[in-house]
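Student: Please see the structure below; I have some questions.
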Amino acid sequence: MTEALERPVVPPVSDADPFAADVLLEPEPLHRTLREAGPVVRLSRYDVHALARYEHVHAALLDWQHFESGSGAGLANFRHEKPWRPPSLLLEADPPLHDAPCRVLREILAPPALHRLRAGWQAVAEEIVDQVLSQGSEFDAFPALAEAFPLQAFPDVVGLGPDGRENLLPYGNMVFNAFGPRNGLVTADAPRLAELSAWVNAQCRREALSEDGFGAQIWAAADRGDLTQEQAPLVVRSLLSAGFDTTVHGIAACLYALATHPQEWQRLRKRPELARVAFEEAIRWQSPVQTFFRTATTDVTVAGTLIPAHTKILMFLGAANRDPARWPDPDRFDLTRDPSGHVGFGMGIHQCIGQHVARLEAETLLTALARRVEHLELTGPPRRHPNNTLRSWTSLPMRVRPAA
Ligand code: OVV
């Protein structure tokens, strides 16, 4: 994608604002426009380039040498602007800096290491589902399931103490808003920024973490010399920044999909082993993480279009995941398709390191729900919560018919 042509094409220009409130709540029309406008579109409002086609998003994510992350995965360019917090050693670093933290965390969060969590999470899922159903057939599935399950499961396995766990969701909301422009969403987060950051930073200390969790395992890696003592708390911070809201909104996307596609729910009821496909297809269909930025390290051409060195490139993961050139009937939520290859978890060296944790959380919750619920449907409009990066939710009002 980077062979310089004789005369590289200048990209079409759009003045659309992908971070405007109405676009964040319903991004599909802009996604279609950008995919159809060309392989690269310049967004004049922010002076960035946009990739929205699957082929080019996928290729650029794999090409970390030309599309770097060390200048920041948000709109701000760290070479010119001071980051709002010390940059992530994973998301906002390139090789070789990125590699040791990545190796350490990948091992801790790898499928074999997660085996021992499965039985406990199944019990938590059954308890939460039973408790919700015991209180009636109508409830808000966002707080009652999508938020409640990760809140029970995740902080325990990280090794957090009991106090302040309710800070995880607003902290993540703030982190993901901060990748966007300094719009009203970022302004609204400002009053709690110091307090939430202080709480998260305090949880990253060795003394704050129980002896058996992911957090302690990160510190143990530092004791072995696989990380420095300075790196360890930042790797714990990555877990707390990226591991909670993403899973909550991913599970919410999946519950929304299943509540609005009764035939797919029946398919899942008959074959509970489809729970993992259901989650994966929901990630493709909704893309809980909608966008990330990269920065061009040199002049690069994408399908013959020039992107000048050092400019920011906005990767539309959500648009790629519904590109009709890659996915037949892309707007359909369909458990018979193979959603693998979607870029909802990214691709390449920065591909989501916690994806196996998220899948196990979703799988255990969905399996418990499918065993006890014959039918589910929305009883009112679901409510989304605008965020500069996340496709997030506040309410999923539902009615269920319990299984006999
Ligand atoms: C993928 C992601 C999102 C948000 C924060 C981080 C990573 C981090 O490493 O802090």
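The values are calculated or read from the model by the stated rules, or taken from the named source; none is laboratory data. All figures in this text were calculated on a predicted structure; none of them were measured in a lab. Neighbour counts are summed over all protein chains in view; Cβ atoms, including those assigned to glycine, are modelled from backbone coordinates with ideal geometry.
Student: Is it true that some residue in the stretch 181-191 is closer than 26 Å to PHE292 by Cα, over 16 Å from the mean Cα position of the chain (by Cα) and within 13 Å of the ligand (Cβ to nearest atom)?
Tutor: No, every residue in the stretch 181-191 fails to be closer than 26 Å to PHE292 by Cα, over 16 Å from the mean Cα position of the chain (by Cα) and within 13 Å of the ligand (Cβ to nearest atom).
Student: Taking the condition closer than 23 Å to ASN177 by Cα, surrounded by fewer than 24 Cβ atoms within 10 Å (Cβ to Cβ), aromatic (Phe, Trp, Tyr) and touching a residue at least 12 places away in the same chain (Cβ under 8 Å), does PHE333 pass?
Tutor: Numbers: closer than 23 Å to ASN177 by Cα: no; surrounded by fewer than 24 Cβ atoms within 10 Å (Cβ to Cβ): yes; aromatic (Phe, Trp, Tyr): yes; touching a residue at least 12 places away in the same chain (Cβ under 8 Å): yes.
When the stated conditions are applied, PHE333 does not pass them.
Student: Also: Which residues, counting only those in the stretch 243-269, are more than 13 Å from the ligand (Cβ to nearest atom), closer than 16 Å to LEU390 by Cα and either aromatic (Phe, Trp, Tyr) or surrounded by fewer than 24 Cβ atoms within 10 Å (Cβ to Cβ) (or both)?
Tutor: Result: TYR256, single match.
Student: Within the stretch 291-310, is there a residue that is basic (Lys, Arg), in contact with a strand residue (DSSP E or B) (Cβ under 6 Å, 6 or more places away or on another chain), under 15 Å from LEU51 (Cα atoms) and within 16 Å of the ligand (Cβ to nearest atom)?
Tutor: yes
Student: Within the stretch 196-229, count every residue that is more than 18 Å from LEU89 (Cβ to Cβ) and free of Cβ contacts under 8 Å to residues at least 12 places away in the same chain.
Tutor: 3
Student: Might you check whether a residue that is away from the ligand (no atom under 16 Å from the Cβ), surrounded by 23 or more Cβ atoms within 10 Å (Cβ to Cβ) and not small (Gly, Ala, Ser) occurs anywhere in the stretch 382-395?
Tutor: yes
Student: Here's something else I'd like to know. Regarding the stretch 5-27, can at least one residue be identified that is free of Cβ contacts under 8 Å to residues at least 24 places away in the same chain, in contact with a helix residue (DSSP H, G or I) (Cβ under 8 Å, 6 or more places away or on another chain) and not in a loop (DSSP other than H, G, I, E, B)?
Tutor: Yes, there is a match, as at least one residue in the stretch 5-27 is free of Cβ contacts under 8 Å to residues at least 24 places away in the same chain, in contact with a helix residue (DSSP H, G or I) (Cβ under 8 Å, 6 or more places away or on another chain) and not in a loop (DSSP other than H, G, I, E, B).
Student: Could you name every one of the helices (runs of 4 or more DSSP H) located completely within the stretch 274-373 that has at least 1 residues being under 18 Å from THR260 (Cα atoms)?
Tutor: Output list reads 275-286, 355-372.
Student: Being modelled with pLDDT of 95 or more, within 16 Å of the ligand (Cβ to nearest atom), under 16 Å from PRO86 (Cβ atoms) and assigned to a loop (DSSP other than H, G, I, E, B): is that true of LEU240 here?
Tutor: Judged against the criteria, LEU240 is not a match.
Student: Among the residues of the stretch 199-237 satisfying the criterion of being aliphatic (A, V, I, L, M) and closer than 30 Å to TRP285 by Cα, which is farthest from the ligand (Cβ to nearest atom)?
Tutor: VAL236
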